[in-house]
Amino acid sequence: MSEDRSRILNLLAGGKITAEEAERLLDAIDASAGAAAAPAGPAIQGDPEPLIAALPKYLYVKVLAANGDNVDVKIPIVLVRSGLKLTSLIPPLAMDKINDTMSEHGMSVDFNNFKPEDIDELVGGLRDMEVNVDAKNGDTVRVYCA
Amino acid sequence: MNLPPMILNLRVASPQRRSVHLWLPLFLLWPFALLLGVLALGVALVADGVLLLRGRRFHHYTVLVARSFAALCETRGMVIRFSNEKTAVDMTVQ
């Protein structure tokens, strides 16, 4: 018997709580124990191929400029992942130069912080990402995965 | 691992001129690229060995060359389109 359960029964025996209150508390303990024992995500049953096929495969970048210049880029997500993984292998001297150049252009991204173990999580997060920019001058930028 | 891109499909169109449609056979370059790749791998392997013996922290040039090749292979399916009033460029890596 768990410590919480025995404490509730002692309170009931001591007349400090009613039988109904004890029942409610025991139900609450059972519910929380059930939630803790449940798996983190829903189990995949059957063939996982349709689920894998439904995952987005491309990162789209669409720029519609007010002056008529349109850019439309479709990048395989596997390429994004490979590219990010490459950053963790760039020699330190070259990496420092890249970081300096990036910060000179107003982008203070430190590529030394890109660790291989974080990249899969980052790419996974990209799948849910959507960026929509509508500038005052009429330029629009859309970044999304599909 | 994927195969490297085989064809670069390039289309350039403009209202004033006839549109140009090119299929650039990248697969013809791969035998030469393979030679260069093997050479680069050999050099990287020697460099990594020397760096490792000297106790340097960074000795991953071989992995860098291999991963670069893998990234090149992942470019299949990439599409870049640019258009304005004068020109439309469509580039597809297949």
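Rule-based calculations on the coordinates, nothing more; no lab input. Values in this document were obtained by computation on a predicted structure and should not be read as measured data. Every residue, glycine among them, receives a Cβ derived from its backbone with ideal geometry; neighbour counts consider all protein chains shown.
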Peptides B:17-24, A:65-72 ordered by average Cβ neighbours within 10 Å, highest first: A:65-72, B:17-24
Inter-chain Cβ neighbour average for residues A:69-82, partner chain, 10 Å: 6
Unsatisfied cross-links (Cα-Cα over 25 Å) in the set A:Lys74/B:Lys86; A:Lys85/A:Lys136; A:Lys62/A:Lys97: A:Lys85/A:Lys136; A:Lys62/A:Lys97
Whole-Å semi-axes of the range A:49-145's equivalent ellipsoid (Cα gyration tensor): 26, 23, 10
All-pairs Cα distance distribution in chain B, expressed in whole percent, bin size 10 Å: 15, 31, 24, 18, 10, 3, 0
Of every Cα-Cα pair in the range B:38-92, the percent that sits beyond 12 Å: 72 percent
Options B:Met6, B:Val89, B:Pro25, ranked by Cα towards positive dipole end of the range B:1-91, top entry (Cβ charges): B:Val89
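How much length, in nm to one decimal, is gained on full extension between A:Arg142 and A:Asn113, taken as 0.36 nm per residue of separation minus their Cα-Cα distance?
Value of the extension gain: 7.8 nm.
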Fully extended contour minus Cα-Cα distance, from B:Leu3 to B:Val38, at 0.36 nm per residue: 11.0 nm
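If you count, for every residue in A:89-101, the Cβ atoms of partner chains within 10 Å of its Cβ, what is the mean? Kindly include the intermediate steps, with their values, before the conclusion.
On the way: counts 10, 3, 7, 3, 1, 0, 1, 0, 0, 0, 0, 0, 0.
Whole-number average of other-chain Cβ neighbours for A:89-101 is 2.
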Rounded to 10°, Cα long-axis angle of helix B:30-53 versus longest principal axis of chain B: 30 degrees
Stokes-Einstein D in µm²/s, Kirkwood radius over Cα pairs - the protein assembly as shown at 4 °C with 1.567 mPa s viscosity: 55 µm²/s
